[in-house]
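Nothing in this text is a laboratory measurement; each read-out follows from the coordinates by a stated rule. Just so it is clear, the structure is predicted and the values come from calculations on it, not from any experiment. Here Cβ is always computed from backbone atoms with ideal geometry, including for glycine, and neighbour counts include all displayed protein chains.
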Amino acid sequence: MKLRPVLLVLLILSGFYYLTTRLMPVGAIAGLLHHGSVTDGSTTTASGPLGDFAITQAAAAPAFDSEEQQNIGVYKRALPSVVNITSTQVACCDFFLRPVPEQGQGSGFILDKQGHILTNNHVIDNAQMIEVTLWNKRKYKAAVVSIDRNHDIALLQIKDVPDLQPAVLSDSAGLMVGQRVYAIGNPFGFSGTMTRGIISAIRSVAMPSGNKIEDAIQTDASVNPGNSGGPLLNSRGEVIGITTLIASNPNGGAEQSAGIGFAIPISTAKAFLGDVEKYGHARRPSLDIVTFPIGPDIAEQIGLPADYGILIERVLPDGAAAHAGLRGGNQRAWNGNQEVMLGGDLIVAFDGQEITTPQDLSNAMNAHHAGDVVTLTVFRGRQRLNVKVTLGDAKEVANGQTA
């Protein structure tokens, strides 16, 4: 009978030892039995079987700084208007020659409560089925309303969807290098991803099709496959461009961000939307010319009468410029590795507005529609002329920039 209390005590001590050494964190009981309590921002020392531990606790609920608050604010404002786009097409066959569907991923953003969505044309090109996934994971079938292959833009629509939150469109005419920008999209299928950077440059960029994006927004914000068609945002969460192109890693391998991405300026997209509203389809204006920008150094080297403007290298047959009597170059020259045709008309003004850069000409064109009559001021040799031109419909031209 006297042995039973002893066994009971041993059992209790064994259970306590097992509890403190196996089931609870090292030093947890010792900390409770020995030193002090844990407080925010303070250092607490706890003793245990393996020695003493000094633990510094962070302050509870740390406040976000102003930069973090802005990042969070942009994300919360823009995310509900960003969508994931899955396009399905039959592009190959299996061993038994049966068609096998292939899927592509991209992004887009909502324009209005009627479910119109803006994205890149290459995201949905040749698709048999298009599916849109909203930020709340709901999926809807989408239809193509209109496309503009020249500028790689597509307008989609999903119908009978409640509580859509449209994106806010800004203006891209006054963008500045160094301005902070944000990209939200679905890189590699990771939906709702935001990256941040700055505008690195505003420049003309060639697309894989051979056409060029005038005034493309270059950014160092991380952009990867799946971001295409998504919004590029300013610090207020307003759309300033459509993410469309990346400069691939020159070392090869999978296409991935190399710190250089490009976006179509939202002013170009607005002009496309204006065409769709007025005509029901894209009808972008064109001068039907291949051009080369002129600066002071080049103007001095080739003896031009103005140190700025847009030189007409080539006039496309049966186009707007050809009908107006404008002339292209007839003398072959080289600017580094780029062949340039000299001797053509030099455009220096558009309806009285001075044209010094391709961006000036692009902005002037975006304010018009095909069929509008405009006045170009050009130098032909040393002679200054005003030429009336009826703008044509943009045509796709490989290996050259059409305006």
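So between residue 235 and residue 56, what do we pick up on full extension, going 0.36 nm a residue minus the alpha carbon distance? Don't skip to the end; give the middle numbers.
Numbers: separation 179, 0.36 × 179 = 64.44 nm, distance 3.60 nm.
Length difference between fully extended and current span is 60.8 nm.
Loop-resident trypsin sites (Lys or Arg not before Pro) (DSSP state other than H, G, I, E or B) in the range 129-176 with no more than 16 further Cβ atoms inside 10 Å of their Cβ: 137, 138, 159. Between residue 13 and residue 44, the FRET efficiency estimated from the beta carbon spacing at R0 = 25 angstrom works out to 0.35.
The chymotrypsin sites (Phe, Trp or Tyr not before Pro) of the range 293-357 include none that meets both conditions, a loop assignment by DSSP and at most 15 other Cβ atoms within 10 Å of the site Cβ.
Straight-line reach from residue 212: taking Cα to Cα under 17 Å and skipping same-chain neighbours fewer than 8 places apart, the lysines in range are 395. On full extension, the segment bounded by residue 69 and residue 375 gains 105.3 nm, given 0.36 nm per residue less the C-alpha separation.
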